[in-house]
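Visitor: Structure below; questions to follow.
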Amino acid sequence: MQGKLIVISGPSGVGKSTVTKKLAERIGAVISISATTREPSPKEKHGRDYYFLTREEFEKLIADGKLLEYAEYMGNYYGTLADTVKEHLSAGRDVILEIEVQGAKEVEKKFPDAIIIYLLPPDDNELIARLTGRARDDEATIRRRFENAKAEVAQAKAAGIYKYWVVNDNLDNAVDKIVRIVHKEKTGDNEK
Ligand code: ADP
């Protein structure tokens, strides 16, 4: 049986990568590694966190039609390598994509059966606390990410592709909710 494609979106700092890792462990799914033109942070590794590419390399992938989806976000390209994802799905493995709204729209067109989920923060203060707590960005970047978050949530609502909205209040609760969603979608026990 074909694997399921699971899309996790949400504003920066909401907990996408944390939730994605836990979810992958729980359901035995593969996390798709995105390609990006942004700079790696000191802790990030090429081929583990992202494929870090130059703009030229990335634009070649676009031109060659190698990307399942891509988008430009905060001045950098982000995209998903189509072949890798398709191989996993054909082998019956579920694949999780951690991508933003624009990319999710493309995925929805190509994979109408994808499970498309938006993660929300419990509230503004908690989102700021998480952006600050992971100690990755300077204060100006944190502010910019926070300002962007509101617009992103509005954009996600307007996109009309997110069937599931999950508040990432407590990590285990949020992951539990998503496990149940995936189970429900897989057993066909769902109303569109
Ligand atoms: P994103 O991938 O959406 O940018 P991260 O996964 O990097 O977000 O999470 C941002 C910060 O919030 C991290 O420090 C992470 O440990 C923390 N975090 C994630 N989920 C929760 C949660 N449910 N409760 C508390 N803190 C969380």
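Visitor: Would you point out which residue out of Asp137, Asp94 is more than 12 Å from Gly10 (Cα to Cα), at pLDDT 95 or above, surrounded by 15 or more Cβ atoms within 10 Å (Cβ to Cβ) and of a type in the set (Asp, Glu)?
Guide: Just a single option satisfies the conditions, and that option is Asp94.
Visitor: Would you point out which residue out of Ala35, Ala71, Ala114 is of a type in the set (Gly, Ala, Ser), over 29 Å from Thr187 (Cβ atoms), surrounded by 15 or more Cβ atoms within 10 Å (Cβ to Cβ) and touching a Leu at 6+ places or on another chain (Cβ under 8 Å)?
Guide: Every option except Ala35 fails the conditions.
Visitor: Ok, one more. Would you check which residues across region 18-49 are within 14 Å of the ligand (Cβ to nearest atom) and over 18 Å from Glu69 (Cβ atoms) and list them?
Guide: Passing the criteria: Thr18, Val19, Lys21, Lys22, Leu23, Ala24, Ser41, Lys43, Glu44, Asp49.
Visitor: Still on this structure, I have one more. Test each condition in (1) under 28 Å from Val175 (Cβ atoms); (2) out of contact with any helix residue (DSSP H, G or I) (no Cβ under 9 Å at 6 or more places or on another chain) for Glu59 and report the one that comes out false.
Guide: The number of the failed condition is (1).
Visitor: Scan region 140-149 and give yes if some residue there is within 16 Å of the chain's Cα centre (by Cα) and under 19 Å from Glu185 (Cα atoms), otherwise no.
Guide: Scanning region 140-149, I find no residue that is within 16 Å of the chain's Cα centre (by Cα) and under 19 Å from Glu185 (Cα atoms), so the answer is no.
Visitor: Let me ask something additional. Given the conditions (1) of a type in the set (A, V, I, L, M); (2) in a strand (DSSP E or B); (3) farther than 23 Å from Ile6 by Cβ, which single one is not true for Ile62?
Guide: (2)
Visitor: Separate question: When you check Thr80 against the structure, is it of a type in the set (Val, Ile, Thr) and buried (at least 21 other Cβ atoms within 10 Å of the Cβ), yes or no?
Guide: yes
Visitor: Also: Quick one: in region 1-17, of everything that is part of a loop (DSSP other than H, G, I, E, B) and farther than 17 Å from Val167 by Cα, which residue is farthest from the ligand (Cβ to nearest atom)?
Guide: Met1
Visitor: While we're here: Criterion first (more than 16 Å from the ligand (Cβ to nearest atom), over 19 Å from Ile117 (Cα atoms) and in a strand (DSSP E or B)) does Tyr70 satisfy it?
Guide: Taking the combined requirement at face value, the residue does not satisfy it.
The values are calculated or read from the model by the stated rules, or taken from the named source; none is laboratory data. Small disclaimer: the values here were computed from a predicted structure and weren't measured. Neighbour counts run over all protein chains shown; Cβ positions are idealised from the backbone, glycine included.
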